1. Which net charge results when you count Lys and Arg as +1 and Asp and Glu as -1 among the other residues whose beta-carbon is under 14 Å from that of L101?
2. Can you find, among Q81, A61, T113, the residue farthest towards the positive end of the dipole of the chain? Put +1 on the C-beta of Lys and Arg, -1 on that of Asp and Glu.
3. Round to a whole number: what % of the accessible area of the stretch 58-99 belongs to carbon and sulfur, probe 1.4 Å?
4. What accessible area per residue comes out for the chain, rounded to a whole number of Å², with a 1.4 Å probe?
5. Could you identify which residue out of A56, A35, A97 has the top mean-square fluctuation in a GNM of the chain using Cα springs shorter than 10 Å?
6. Using amide H atoms built 1.01 Å from N in the peptide plane, name the residues 5+ places from I71, or on other chains, whose amide H lies under 5 Å from its own.
7. Would you mind calculating the gained length between K55 and R74 on full extension (0.36 nm times residue separation, minus the Cα-Cα distance), in nm to one decimal?
8. Only sites in a loop by DSSP and with at most 13 other Cβ atoms within 10 Å count here; which trypsin sites (Lys or Arg not before Pro) in the stretch 15-117 make the cut?
Amino acid sequence: LSSVHNKMVIPFSLRDQLQQKLDRLRHCKSIGQIASIIGYEFEFKSLLQHIGQNKAQLQSALRELLQSDVICYREHTKQQQFYFKHKLLRNIIYDSAPQTLKQRVKLNILKFTRAAI
């Protein structure tokens, strides 16, 4: 029982509890990070523009995020629109993203915005 591996880690705050939940995500953590950089709400189409995966891989990652109660799906829109279940959850995922990823996604957003104008 004295082994470090057998000790349970008890979260001290809601932030710690949510961080533990995010740490359990396997294949979709990077997708969640990119989505959090885009914003609290994001569309499938815009997320697809910023990732290096195909459509099927993205759909699989979004399913995992939905099943983990990290994001929710808004069905009444014409576009496939998602949002984070809680803004604190989005902030924690955003904070976990590497700075280089944040810069790359923000530059891509700027390019797509300028191209649309």
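The values are calculated or read from the model by the stated rules, or taken from the named source; none is laboratory data. Note that the structure is predicted; figures quoted are calculated from it, not measured. In this analysis, Cβ positions are derived from the backbone assuming ideal geometry, glycine residues included, and neighbour counts consider all displayed protein chains. Areas reflect the complete protein model, heavy atoms only, side chains present, ligands, DNA and RNA absent. Shrake-Rupley method; radii C 1.70, N 1.55, O 1.52, S 1.80 Å.
1. Net local charge, L101 excluded: +3.
2. Projecting each Cα onto the dipole axis, the largest value belongs to T113.
3. That fraction is 43 percent.
4. 68 Å²
5. Comparing A56, A35, A97 in a Gaussian network model of the chain, the most mobile one is A56.
6. Distant-sequence amide H within range of I71: L66, K85.
7. Extending this stretch completely gives an extra 5.0 nm.
8. Those that pass, being in a loop and sparsely packed, are R24, R26, K78.
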